[in-house]
Amino acid sequence: MLEQPLINYISSFDANKDYVLEFTYLGAERVTTNEIQIRVDKLNSLPIYTRQSTKFDKNHTIPGRVLTNGVTYRAKIRVQSQNGEWSVWSPEETFTCLTTPKIVFQNLQEDKFVYNNDILFQAYFQQEQGDRVETYQFSLLDSNGVALQRYPVRRPESRLPNVMQERISNLDKGRLYYVKIDVMTESGLEYADRHEFVAHYVAPSSSGIIEVKPDQKNGTVLMQAYLTQSLGIQVTPKIENGNDEGEAVMPVDYAYIDGDKVIIPPHRPLRYDRLGMAQASDFVFKLWCEKIPNGMFLEFISEHRSGVGIQFEKRDNRVLMHKQYLNEDDNGIKSVHASNIIEGLGKQAFYLYVKVIEFRAEIYIELDSQ
């Protein structure tokens with residue numbers, strides 16, 4: 001009598017694609033044929049797929065589009081010797097068919113460039129039947145696909161079950177990399193995807209301009225050189241939740257206008273970290289605003305709140321800029337700078353221009369003509 005075969009573990013697979021089912025047979029007789037039966041995982045259900053395969057290899061190919069994604073099945077197999085003798089059926093093995101998932105790299109959708117050497121990579125896992133991520137692992141690969149670093153295996157946060165993230169640092173400028181994610185889902189599906197990118201950031205450089213000023217009173221010469229830097233820092237907003245650790249991903253329930261204007265509700269403001277402004281005392285920025293209610297709407301703070309904090313307040317016809325230094329107990333230094341007046345400003349779209357030179361501020365607003 002032939003030995004009973006055993007079906008090897010069947011991971012979840014896409015029913016639209018061929019799948020090679022493997023089995024184990026330890027008998028001494030030569031096996032020439034195998035037969036598989038598959039039925040839906042229901043009590044007393046009948047086989048929906050029965051097929052014999054004549055081959056010496058211990059596997060059986062299930063053709064694509066025979067089964068249906070989102071359904072759980074039971075499979076069993078038997079083998080036949082060259083003398084025509086059949087073995088008993090193997091124990092049934094349970095498996096589920098699931099559509100091939102998709103990983104969306106949040107930082108790398110428009111192009112393959114990142115603009116910093118320290119990036120918080122974020123990716124969304126999407127699966128048609130609603131399968132969720134059990135564990136995931138990021139890897140950094142070189143241009144040949146060789147792993148440079150493998151990061152720890154992680155589990156997604158319960159409130160963001162299909163969001164995966166990893167901070168990758170010390171990237172070389174101009175070098176081609178691949179970021180890879182290996183995912184294990186709750187249903188046992190194993191999936192991996194990767195995306196190429198190039199670190200393309202601008203390092204500080206001297207402008208090459210030196211100013212020389214004679215000091216006739218002291219008989220000296222003052223020489224000044226200037227350091228210039230173009231910042232192309234790629235950052236992702238966090239949700240301010242009352243502590244120093246915001247949520248790392250903009251939630252999908254934020255509303256958008258025309259596909260690119262995000263509506264930021266007052267009770268869930270966004271926070272941007274690591275803007276790369278360092279110790280700069282001089283800076284210029286331009287900000288486009290629309291439908292801004294009266295009150296505080298923008299704030300700049302240092303990482304440890306040890307520098308000059310700046311708050312912007314919208315009023316009916318102007319914008320005020322509040323500067324504070326070491327003022328946690330209201331005993332520090334405070335100043336207020338007002339913009340020009342635009343009657344009827346209300347919630348119209350406007351541009352906010354701010355220039356700070358040696359801590360002296362200028363603020364100007366202009367209606368958006370479009």
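The values are calculated or read from the model by the stated rules, or taken from the named source; none is laboratory data. In this text the structure is predicted, and so the values were computed from the model without any measurement. Cβ placement follows ideal geometry from the backbone for every residue including glycine, while neighbour counts extend to all protein chains displayed.
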- Query: Of all residues in segment 9-53, how many are over 11 Å from residue 74 (Cβ atoms), touching a residue at least 60 places away in the same chain (Cβ under 8 Å), assigned to a loop (DSSP other than H, G, I, E, B) and under 39 Å from the mean Cα position of the chain (by Cα)?
  - Reply: 7
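Please verify whether segment 62-72 includes one or more residues that are over 36 Å from the mean Cα position of the chain (by Cα), outside the structural domain of residue 182 (by TED's automatic domain parsing) and surrounded by fewer than 17 Cβ atoms within 10 Å (Cβ to Cβ). Quick ask: steps written out before the conclusion?
To start, the set of residues in segment 62-72 that are over 36 Å from the mean Cα position of the chain (by Cα) comprises none.
There is no residue in segment 62-72 that is over 36 Å from the mean Cα position of the chain (by Cα), outside the structural domain of residue 182 (by TED's automatic domain parsing) and surrounded by fewer than 17 Cβ atoms within 10 Å (Cβ to Cβ).
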- Query: Of everything in segment 175-216 that's among the small types (Gly, Ala, Ser) and within 22 Å of the chain's Cα centre (by Cα), which residue is modelled with the lowest pLDDT?
  - Reply: 199
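Name every residue in segment 336-370 that is of a type in the set (Ser, Thr, Tyr) and either in contact with a Gly (Cβ under 7 Å, 6 or more places away or on another chain) or more than 12 Å from residue 320 (Cβ to Cβ) (or both), in order of residue number.
So the first thing to find is which residues in segment 336-370 are of a type in the set (Ser, Thr, Tyr), and the list is 339, 351, 353, 364, 369.
Selection gives 351, 353, 364, 369.
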- Message: If residue 178 satisfies all but one of (1) over 19 Å from residue 12 (Cβ atoms); (2) without any contact (Cβ under 8 Å) to a residue 12 or more places away in the chain; (3) of a type outside the set (A, V, I, L, M, F, W, C), what's the number of the condition it fails?
- Response: (2)
- Only residues that are more than 19 Å from residue 91 (Cβ to Cβ), out of contact with any strand residue (DSSP E or B) (no Cβ under 7 Å at 6 or more places or on another chain) and not hydrophobic (A, V, I, L, M, F, W, C): list them for segment 15-45, please. 16, 17
- Query: If residue 160 satisfies every condition in (1) closer than 30 Å to residue 76 by Cβ; (2) in contact with a strand residue (DSSP E or B) (Cβ under 9 Å, 6 or more places away or on another chain); (3) outside any strand (DSSP E or B) but one, which is the exception?
  - Reply: (1)
